[in-house]
(Lines give C-alpha, C1' and ligand atoms only; values in the text may rest on other atoms or scores of the structure.)
Protein backbone atom coordinates (compact mmCIF):
# COMPACT_ATOMS: atom_id res chain seq x y z
CA UNK A 1 0.00 0.00 0.00
CA UNK A 2 3.01 2.29 0.56
CA UNK A 3 1.12 4.44 3.08
CA UNK A 4 2.87 7.80 3.32
CA UNK A 5 3.66 7.63 7.04
CA UNK A 6 4.48 3.93 7.47
CA UNK A 7 7.71 3.82 9.46
CA UNK A 8 8.19 0.17 8.46
CA UNK A 9 9.06 1.42 4.97
CA UNK A 10 12.37 2.62 6.38
CA UNK A 11 13.80 -0.86 6.85
CA UNK A 12 11.37 -3.58 5.77
CA UNK A 13 9.76 -2.32 2.56
CA UNK A 14 10.87 -5.22 0.38
CA UNK A 15 8.80 -8.07 -1.08
CA UNK A 16 7.89 -10.49 1.70
CA UNK A 17 7.38 -14.23 1.60
CA UNK A 18 4.87 -16.05 3.77
CA UNK A 19 6.89 -17.30 6.75
CA UNK A 20 6.80 -20.85 7.99
CA UNK A 21 3.99 -20.96 10.53
CA UNK A 22 4.23 -23.40 13.44
CA UNK A 23 0.58 -23.69 14.44
CA UNK A 24 1.16 -26.25 17.19
CA UNK A 25 3.74 -24.02 18.89
CA UNK A 26 1.54 -20.95 18.52
CA UNK A 27 -1.40 -22.81 20.05
CA UNK A 28 0.79 -24.01 22.91
CA UNK A 29 1.86 -20.43 23.67
CA UNK A 30 -1.72 -19.18 23.44
CA UNK A 31 -2.99 -21.75 25.91
CA UNK A 32 -0.25 -20.81 28.37
CA UNK A 33 -0.98 -17.10 28.08
CA UNK A 34 -4.77 -17.39 28.23
CA UNK A 35 -4.96 -20.08 30.91
CA UNK A 36 -8.49 -20.24 32.28
CA UNK A 37 -9.33 -16.69 31.20
CA UNK A 38 -11.16 -17.40 27.96
CA UNK A 39 -12.35 -14.40 26.01
CA UNK A 40 -9.09 -12.44 26.23
CA UNK A 41 -8.11 -9.85 23.64
CA UNK A 42 -6.28 -11.84 20.98
CA UNK A 43 -5.73 -10.04 17.69
CA UNK A 44 -4.36 -11.14 14.34
CA UNK A 45 -2.12 -8.20 13.47
CA UNK A 46 0.30 -7.16 10.78
CA UNK A 47 1.23 -5.55 8.47
CA UNK A 48 -2.01 -6.46 6.77
CA UNK A 49 -3.40 -9.83 7.90
CA UNK A 50 -5.86 -10.04 5.01
CA UNK A 51 -2.88 -10.28 2.68
CA UNK A 52 -2.53 -13.89 3.90
CA UNK A 53 -4.13 -16.68 1.86
CA UNK A 54 -7.61 -17.53 3.05
CA UNK A 55 -6.75 -21.09 4.08
CA UNK A 56 -4.16 -19.73 6.53
CA UNK A 57 -6.55 -17.10 7.86
CA UNK A 58 -9.22 -19.72 8.48
CA UNK A 59 -6.70 -21.95 10.23
CA UNK A 60 -5.82 -19.06 12.55
CA UNK A 61 -9.44 -18.15 13.27
CA UNK A 62 -10.42 -21.77 13.90
CA UNK A 63 -7.55 -22.26 16.35
CA UNK A 64 -8.28 -18.96 18.14
CA UNK A 65 -11.96 -19.84 18.42
CA UNK A 66 -11.21 -23.25 19.91
CA UNK A 67 -8.65 -21.88 22.36
CA UNK A 68 -10.22 -18.53 23.29
CA UNK A 69 -13.81 -18.47 22.04
CA UNK A 70 -13.23 -15.26 20.11
CA UNK A 71 -10.56 -13.20 18.37
CA UNK A 72 -10.01 -9.95 16.51
CA UNK A 73 -8.20 -8.69 13.45
CA UNK A 74 -6.68 -5.30 12.63
CA UNK A 75 -7.09 -4.54 8.94
CA UNK A 76 -7.34 -1.74 6.38
CA UNK A 77 -10.35 -3.60 4.84
CA UNK A 78 -8.96 -3.37 1.28
CA UNK A 79 -8.82 -7.14 0.64
CA UNK A 80 -12.07 -7.91 2.48
CA UNK A 81 -14.61 -10.11 0.66
CA UNK A 82 -17.57 -12.37 1.40
CA UNK A 83 -15.34 -15.32 2.34
CA UNK A 84 -13.73 -13.24 5.08
CA UNK A 85 -17.13 -12.16 6.38
CA UNK A 86 -18.21 -15.81 6.54
CA UNK A 87 -15.12 -16.57 8.63
CA UNK A 88 -15.71 -13.58 10.92
CA UNK A 89 -19.22 -14.80 11.68
CA UNK A 90 -18.31 -18.44 12.08
CA UNK A 91 -15.37 -17.84 14.43
CA UNK A 92 -16.63 -14.82 16.40
CA UNK A 93 -14.08 -12.33 15.04
CA UNK A 94 -14.37 -8.60 15.78
CA UNK A 95 -12.80 -6.05 13.46
CA UNK A 96 -10.45 -3.17 14.09
CA UNK A 97 -10.46 -1.01 10.97
CA UNK A 98 -7.49 1.23 10.19
CA UNK A 99 -9.09 4.33 8.68
CA UNK A 100 -7.94 7.91 9.22
CA UNK A 101 -11.25 9.66 8.65
CA UNK A 102 -13.61 10.32 5.74
CA UNK A 103 -12.18 9.71 2.24
CA UNK A 104 -10.91 13.25 1.73
CA UNK A 105 -8.83 13.02 4.94
CA UNK A 106 -7.71 9.39 4.51
CA UNK A 107 -5.34 10.21 1.67
CA UNK A 108 -2.07 9.24 3.37
CA UNK A 109 -3.11 5.58 3.28
CA UNK A 110 -3.41 3.23 0.31
CA UNK A 111 -1.25 4.17 -2.69
CA UNK A 112 -0.92 7.91 -1.93
CA UNK A 113 1.62 8.26 -4.73
CA UNK A 114 -0.74 6.72 -7.31
CA UNK A 115 -4.00 8.74 -7.43
CA UNK A 116 -5.95 6.34 -9.65
CA UNK A 117 -5.07 3.35 -7.49
CA UNK A 118 -5.97 5.32 -4.39
CA UNK A 119 -9.46 6.09 -5.74
CA UNK A 120 -10.07 2.34 -6.04
CA UNK A 121 -8.61 1.78 -2.58
CA UNK A 122 -10.81 4.39 -0.89
CA UNK A 123 -13.98 3.25 -2.67
CA UNK A 124 -13.41 -0.35 -1.66
CA UNK A 125 -12.53 0.45 1.97
CA UNK A 126 -15.71 2.41 2.71
CA UNK A 127 -17.93 -0.05 0.84
CA UNK A 128 -16.45 -2.88 2.89
CA UNK A 129 -16.96 -0.93 6.11
CA UNK A 130 -20.66 -0.58 5.26
CA UNK A 131 -20.81 -4.28 4.40
CA UNK A 132 -19.47 -5.24 7.83
CA UNK A 133 -22.06 -3.00 9.49
CA UNK A 134 -24.88 -4.49 7.44
CA UNK A 135 -23.71 -7.99 8.42
CA UNK A 136 -23.81 -6.92 12.10
CA UNK A 137 -20.14 -7.68 12.70
CA UNK A 138 -18.52 -5.79 15.57
CA UNK A 139 -16.30 -2.97 14.24
CA UNK A 140 -14.15 -0.35 15.94
CA UNK A 141 -11.80 2.19 14.37
CA UNK A 142 -8.16 3.18 14.78
CA UNK A 143 -7.32 6.55 13.23
CA UNK A 144 -3.84 7.99 13.10
CA UNK A 145 -3.82 11.75 13.72
CA UNK A 146 -1.57 13.75 11.41
CA UNK A 147 -1.40 17.11 9.68
CA UNK A 148 -4.02 16.18 7.08
CA UNK A 149 -6.86 15.10 9.39
CA UNK A 150 -6.10 17.05 12.58
CA UNK A 151 -3.71 19.86 11.71
CA UNK A 152 -6.40 22.49 11.06
CA UNK A 153 -9.70 23.48 12.65
CA UNK A 154 -11.52 22.73 9.38
CA UNK A 155 -10.10 19.19 9.26
CA UNK A 156 -11.07 18.53 12.89
CA UNK A 157 -14.63 19.74 12.28
CA UNK A 158 -14.87 17.26 9.39
CA UNK A 159 -13.51 14.51 11.66
CA UNK A 160 -16.18 15.28 14.26
CA UNK A 161 -18.86 14.98 11.60
CA UNK A 162 -17.34 11.64 10.58
CA UNK A 163 -17.40 10.38 14.19
CA UNK A 164 -21.14 11.05 14.22
CA UNK A 165 -21.60 9.42 10.82
CA UNK A 166 -19.92 6.30 12.21
CA UNK A 167 -22.19 6.41 15.26
CA UNK A 168 -25.23 6.51 12.98
CA UNK A 169 -23.96 3.27 11.44
CA UNK A 170 -23.56 1.77 14.92
CA UNK A 171 -19.77 2.20 15.22
CA UNK A 172 -19.24 4.01 18.52
CA UNK A 173 -15.78 2.88 19.64
CA UNK A 174 -12.36 3.83 18.40
CA UNK A 175 -8.95 5.31 19.06
CA UNK A 176 -7.07 8.31 17.71
CA UNK A 177 -3.36 7.58 17.92
CA UNK A 178 -0.68 10.21 17.24
CA UNK A 179 1.52 9.63 14.23
CA UNK A 180 5.05 8.81 15.37
CA UNK A 181 8.21 7.21 14.03
CA UNK A 182 10.94 5.84 16.31
CA UNK A 183 13.44 6.30 13.45
CA UNK A 184 12.57 9.98 12.80
CA UNK A 185 12.32 9.21 9.08
CA UNK A 186 11.96 12.34 6.93
CA UNK A 187 9.03 10.91 4.93
CA UNK A 188 7.11 10.34 8.19
CA UNK A 189 7.89 13.32 10.40
CA UNK A 190 6.73 15.79 7.74
CA UNK A 191 3.18 14.56 8.43
CA UNK A 192 3.58 14.36 12.22
CA UNK A 193 1.78 16.88 14.42
CA UNK A 194 3.96 18.91 16.76
CA UNK A 195 3.24 18.43 20.48
CA UNK A 196 1.45 21.82 20.46
CA UNK A 197 -0.66 20.87 17.42
CA UNK A 198 -1.56 17.50 18.94
CA UNK A 199 -2.49 19.22 22.23
CA UNK A 200 -4.85 21.53 20.36
CA UNK A 201 -6.40 18.61 18.48
CA UNK A 202 -6.81 16.37 21.54
CA UNK A 203 -8.39 19.09 23.66
CA UNK A 204 -10.72 19.97 20.79
CA UNK A 205 -11.80 16.33 20.40
CA UNK A 206 -12.13 15.86 24.18
CA UNK A 207 -14.61 18.73 24.33
CA UNK A 208 -16.51 17.16 21.46
CA UNK A 209 -16.70 13.64 22.92
CA UNK A 210 -17.73 14.81 26.40
CA UNK A 211 -21.05 15.90 24.85
CA UNK A 212 -21.61 12.40 23.44
CA UNK A 213 -21.29 9.98 26.37
CA UNK A 214 -22.26 6.98 24.24
CA UNK A 215 -19.22 7.46 21.97
CA UNK A 216 -16.26 5.63 23.47
CA UNK A 217 -13.08 6.90 21.86
CA UNK A 218 -9.57 6.76 23.24
CA UNK A 219 -7.63 8.55 24.69
CA UNK A 220 -10.52 10.84 25.70
CA UNK A 221 -12.25 8.25 27.91
CA UNK A 222 -8.94 6.83 29.13
CA UNK A 223 -7.81 10.05 30.79
CA UNK A 224 -11.10 10.13 32.70
CA UNK A 225 -10.54 6.52 33.79
CA UNK A 226 -7.06 7.04 35.17
CA UNK A 227 -7.93 10.34 36.90
CA UNK A 228 -10.73 8.49 38.69
CA UNK A 229 -8.34 5.77 39.82
CA UNK A 230 -9.49 3.11 37.40
CA UNK A 231 -7.25 0.33 36.24
CA UNK A 232 -5.25 1.58 33.29
CA UNK A 233 -7.41 0.93 30.26
CA UNK A 234 -4.78 1.91 27.71
CA UNK A 235 -1.17 0.83 28.05
CA UNK A 236 0.45 4.21 27.36
CA UNK A 237 -0.42 5.28 30.92
CA UNK A 238 1.01 2.15 32.51
CA UNK A 239 4.53 0.96 33.15
CA UNK A 240 6.18 -0.76 30.23
CA UNK A 241 9.49 -2.56 30.01
CA UNK A 242 9.90 -2.73 26.24
CA UNK A 243 11.80 -6.03 26.49
CA UNK A 244 9.08 -7.71 28.58
CA UNK A 245 5.90 -5.73 27.90
CA UNK A 246 2.89 -6.93 29.88
CA UNK A 247 0.08 -5.05 28.16
CA UNK A 248 0.68 -6.71 24.80
CA UNK A 249 2.61 -9.82 23.85
CA UNK A 250 3.33 -10.83 20.27
CA UNK A 251 3.53 -14.43 19.15
CA UNK A 252 5.80 -14.83 16.12
CA UNK A 253 5.05 -17.31 13.31
CA UNK A 254 7.54 -19.80 14.77
CA UNK A 255 5.78 -19.66 18.15
CA UNK A 256 8.41 -17.62 19.97
CA UNK A 257 7.25 -14.68 22.08
CA UNK A 258 7.90 -11.07 21.21
CA UNK A 259 6.93 -7.80 22.78
CA UNK A 260 4.25 -5.15 22.15
CA UNK A 261 3.28 -4.83 18.48
CA UNK A 262 4.80 -1.33 18.36
CA UNK A 263 8.17 -3.01 18.88
CA UNK A 264 8.00 -6.47 17.38
CA UNK A 265 8.55 -5.11 13.85
CA UNK A 266 12.00 -4.12 15.04
CA UNK A 267 12.58 -7.74 15.98
CA UNK A 268 12.78 -7.62 19.79
CA UNK A 269 12.31 -11.10 21.26
CA UNK A 270 10.58 -11.13 24.61
CA UNK A 271 12.88 -11.37 27.62
CA UNK A 272 11.57 -13.92 30.07
CA UNK A 273 12.85 -12.12 33.18
CA UNK A 274 10.47 -10.00 35.30
CA UNK A 275 9.92 -6.51 33.81
CA UNK A 276 12.50 -3.91 34.78
CA UNK A 277 11.59 -0.62 36.42
CA UNK A 278 14.51 1.40 35.04
CA UNK A 279 12.50 3.97 33.09
CA UNK A 280 10.18 4.67 36.01
CA UNK A 281 13.06 5.24 38.40
CA UNK A 282 14.80 7.64 35.99
CA UNK A 283 11.92 9.81 34.72
CA UNK A 284 10.56 11.20 38.04
CA UNK A 285 14.10 12.37 38.82
CA UNK A 286 14.78 13.86 35.38
CA UNK A 287 12.39 14.87 32.59
CA UNK A 288 9.18 14.24 34.58
CA UNK A 289 10.43 15.68 37.87
CA UNK A 290 7.73 17.73 39.59
CA UNK A 291 5.04 16.96 36.99
CA UNK A 292 1.61 16.97 38.63
CA UNK A 293 0.36 14.17 36.37
CA UNK A 294 3.28 11.77 36.80
CA UNK A 295 1.22 9.28 38.82
CA UNK A 296 -1.33 8.89 36.04
CA UNK A 297 0.81 9.45 32.93
CA UNK A 298 4.14 7.69 33.67
CA UNK A 299 5.86 9.43 30.78
CA UNK A 300 3.68 7.95 28.04
CA UNK A 301 4.62 5.16 25.64
CA UNK A 302 8.38 4.44 25.59
CA UNK A 303 8.38 4.07 21.81
CA UNK A 304 7.03 7.62 21.43
CA UNK A 305 10.24 8.96 22.97
CA UNK A 306 12.53 10.88 20.58
CA UNK A 307 14.52 8.48 18.38
CA UNK A 308 12.99 5.54 20.27
CA UNK A 309 15.14 6.26 23.34
CA UNK A 310 12.80 4.40 25.66
CA UNK A 311 14.29 5.78 28.90
CA UNK A 312 12.98 9.24 27.99
CA UNK A 313 9.42 10.59 28.14
CA UNK A 314 7.11 10.71 25.13
CA UNK A 315 7.74 13.27 22.39
CA UNK A 316 4.06 14.27 22.87
CA UNK A 317 4.40 15.20 26.55
CA UNK A 318 2.79 18.65 26.10
CA UNK A 319 -0.20 17.06 24.40
CA UNK A 320 -0.74 14.49 27.16
CA UNK A 321 -0.39 17.21 29.80
CA UNK A 322 -2.97 19.40 28.04
CA UNK A 323 -5.38 16.47 27.76
CA UNK A 324 -5.08 15.56 31.46
CA UNK A 325 -5.48 19.22 32.39
CA UNK A 326 -8.66 19.53 30.33
CA UNK A 327 -10.09 16.33 31.82
CA UNK A 328 -9.27 17.53 35.35
CA UNK A 329 -11.07 20.84 34.74
CA UNK A 330 -14.09 18.95 33.44
CA UNK A 331 -14.28 16.54 36.37
CA UNK A 332 -13.84 19.28 38.96
CA UNK A 333 -16.52 21.39 37.33
CA UNK A 334 -18.88 18.43 37.79
CA UNK A 335 -17.61 17.39 41.24
CA UNK A 336 -15.81 20.33 42.91
CA UNK A 337 -14.78 18.39 46.02
CA UNK A 338 -13.44 15.28 44.31
CA UNK A 339 -9.87 14.12 44.93
CA UNK A 340 -8.39 12.75 41.72
CA UNK A 341 -5.79 10.03 41.38
CA UNK A 342 -2.85 12.34 40.80
CA UNK A 343 -3.73 14.29 43.98
CA UNK A 344 -3.55 11.33 46.36
CA UNK A 345 -0.62 12.21 48.65
CA UNK A 346 1.19 8.92 48.13
CA UNK A 347 1.90 6.93 44.99
CA UNK A 348 -0.87 4.39 45.31
CA UNK A 349 0.31 2.33 42.34
CA UNK A 350 3.73 1.90 43.96
CA UNK A 351 2.23 1.09 47.34
CA UNK A 352 -0.26 -1.34 45.88
CA UNK A 353 -3.16 0.38 47.62
CA UNK A 354 -5.72 2.09 45.42
CA UNK A 355 -7.91 4.41 47.53
CA UNK A 356 -10.52 4.46 44.77
CA UNK A 357 -11.22 0.73 44.70
CA UNK A 358 -14.06 0.90 47.21
CA UNK A 359 -16.03 3.16 44.90
CA UNK A 360 -14.75 2.43 41.42
CA UNK A 361 -13.92 -1.26 41.30
CA UNK A 362 -14.64 -2.15 37.70
CA UNK A 363 -12.03 -2.34 34.97
CA UNK A 364 -13.04 0.70 32.94
CA UNK A 365 -15.51 3.48 33.61
CA UNK A 366 -16.58 3.92 30.02
CA UNK A 367 -16.60 0.33 28.83
CA UNK A 368 -18.61 -1.13 31.69
CA UNK A 369 -20.23 1.67 33.65
CA UNK A 370 -23.57 -0.16 33.57
CA UNK A 371 -22.06 -2.94 35.71
CA UNK A 372 -21.75 -0.59 38.64
CA UNK A 373 -25.51 -0.52 39.00
CA UNK A 374 -26.23 -4.21 38.54
CA UNK A 375 -26.58 -4.83 42.31
CA UNK A 376 -29.43 -2.32 42.37
CA UNK A 377 -31.48 -3.80 39.55
CA UNK A 378 -33.58 -5.96 41.83
CA UNK A 379 -34.39 -2.92 43.95
CA UNK A 380 -36.14 -1.09 41.17
CA UNK A 381 -38.66 -3.87 40.81
CA UNK A 382 -41.90 -2.31 41.84
CA UNK A 383 -43.73 -4.60 44.28
CA UNK A 384 -47.45 -4.17 44.55
CA UNK A 385 -47.69 -5.18 48.21
CA UNK A 386 -45.61 -5.00 51.33
CA UNK A 387 -44.35 -8.50 52.10
CA UNK A 388 -45.16 -8.17 55.76
CA UNK A 389 -48.65 -6.74 55.62
CA UNK A 390 -50.11 -7.04 52.14
CA UNK A 391 -50.74 -3.29 52.18
CA UNK A 392 -50.71 -1.68 48.69
CA UNK A 393 -47.30 -0.16 48.00
CA UNK A 394 -48.17 2.39 45.34
CA UNK A 395 -46.63 0.49 42.42
CA UNK A 396 -43.48 2.59 42.23
CA UNK A 397 -39.97 2.50 43.58
CA UNK A 398 -38.82 4.71 46.43
CA UNK A 399 -37.87 8.04 44.91
CA UNK A 400 -35.13 8.60 47.46
CA UNK A 401 -33.53 5.11 47.14
CA UNK A 402 -34.03 4.47 50.88
CA UNK A 403 -35.38 1.17 52.07
CA UNK A 404 -38.57 1.41 54.10
CA UNK A 405 -38.45 -2.26 55.00
CA UNK A 406 -40.67 -3.48 52.17
CA UNK A 407 -38.06 -3.77 49.41
CA UNK A 408 -34.93 -5.78 48.85
CA UNK A 409 -31.59 -4.17 49.55
CA UNK A 410 -28.40 -4.80 47.57
CA UNK A 411 -26.14 -3.77 50.43
CA UNK A 412 -26.53 -3.71 54.20
CA UNK A 413 -28.17 -0.48 55.30
CA UNK A 414 -26.89 1.51 58.24
CA UNK A 415 -29.29 1.46 61.14
CA UNK A 416 -29.85 4.68 62.97
CA UNK A 417 -29.89 4.42 66.74
CA UNK A 418 -33.29 4.30 68.43
CA UNK A 419 -32.66 6.08 71.73
CA UNK A 420 -35.20 6.14 74.49
CA UNK A 421 -35.71 9.19 76.65
CA UNK A 422 -32.42 10.63 77.81
CA UNK A 423 -31.71 13.80 79.65
CA UNK A 424 -28.98 16.21 78.61
CA UNK A 425 -26.29 16.91 81.13
CA UNK A 426 -27.95 20.07 82.36
CA UNK A 427 -31.10 18.08 83.17
CA UNK A 428 -33.32 20.69 81.52
CA UNK A 429 -33.99 19.40 78.02
CA UNK A 430 -35.46 16.05 77.18
CA UNK A 431 -34.73 14.07 74.02
CA UNK A 432 -37.70 12.92 71.96
CA UNK A 433 -38.18 9.19 71.49
CA UNK A 434 -37.07 9.15 67.85
CA UNK A 435 -33.79 9.28 65.95
CA UNK A 436 -32.33 12.55 64.76
CA UNK A 437 -33.77 13.40 61.36
CA UNK A 438 -30.44 14.78 60.21
CA UNK A 439 -28.42 11.72 61.31
CA UNK A 440 -26.24 13.86 63.58
CA UNK A 441 -25.32 12.61 67.00
CA UNK A 442 -25.65 15.29 69.66
CA UNK A 443 -23.72 13.26 72.17
CA UNK A 444 -26.75 11.70 73.84
CA UNK A 445 -27.21 8.70 71.54
CA UNK A 446 -25.39 5.42 71.15
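The values are calculated or read from the model by the stated rules, or taken from the named source; none is laboratory data. Only a predicted model underlies this, so the values are computations on that prediction, with no experimental measurement involved. Every residue, glycine as well, gets a Cβ built from its backbone with ideal geometry; the counts of neighbours run over all protein chains shown.
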Set 142, 95, 73, 137: member being closer than 18 Å to residue 172 by Cβ, in contact with a strand residue (DSSP E or B) (Cβ under 9 Å, 6 or more places away or on another chain), crowded, with 18+ Cβ neighbours inside 10 Å and assigned by TED's automatic domain parsing to the domain that holds residue 5: 95
Condition check for residue 184: surrounded by fewer than 16 Cβ atoms within 10 Å (Cβ to Cβ) and assigned to a helix (DSSP H, G or I): no
Options 189, 203: the member that is free of Cβ contacts under 8 Å to residues at least 40 places away in the same chain and closer than 27 Å to residue 325 by Cβ: 189
Test: residue 46 is at pLDDT below 95, at positive phi and surrounded by fewer than 19 Cβ atoms within 10 Å (Cβ to Cβ): no
Unmet criterion (only one of (1) surrounded by fewer than 22 Cβ atoms within 10 Å (Cβ to Cβ); (2) on the phi > 0 side of the Ramachandran plot; (3) under 17 Å from the mean Cα position of the chain (by Cα)) for residue 248: (2)
Hits in region 31-43 - residues which are touching a strand residue (DSSP E or B) at 6+ places or on another chain (Cβ under 7 Å) and in contact (Cβ under 8 Å) with a residue 40 or more places away in the chain: 43
Hey, residue 18 out of contact with any helix residue (DSSP H, G or I) (no Cβ under 7 Å at 6 or more places or on another chain) and not in a helix (DSSP H, G or I) or not: yes
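For (1) in contact with a helix residue (DSSP H, G or I) (Cβ under 7 Å, 6 or more places away or on another chain); (2) within 22 Å of residue 28 (Cβ to Cβ); (3) part of a loop (DSSP other than H, G, I, E, B), each residue gets a yes or a no:
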| position | (1), (2), (3) |
| --- | --- |
| 41 | no, yes, yes |
| 64 | no, yes, no |
| 80 | yes, no, yes |
| 87 | yes, no, no |
| 111 | yes, no, yes |
| 120 | no, no, no |
| 125 | no, no, no |
| 129 | no, no, no |
| 136 | no, no, yes |
Wholly within region 252-353, helices (runs of 4 or more DSSP H) carrying at least 3 residues that are in contact (Cβ under 8 Å) with a residue 24 or more places away in the chain and closer than 21 Å to residue 197 by Cα: 317-334
Residue 234, sole failed condition from (1) in contact with a strand residue (DSSP E or B) (Cβ under 9 Å, 6 or more places away or on another chain); (2) surrounded by 19 or more Cβ atoms within 10 Å (Cβ to Cβ); (3) at pLDDT below 90: (2)
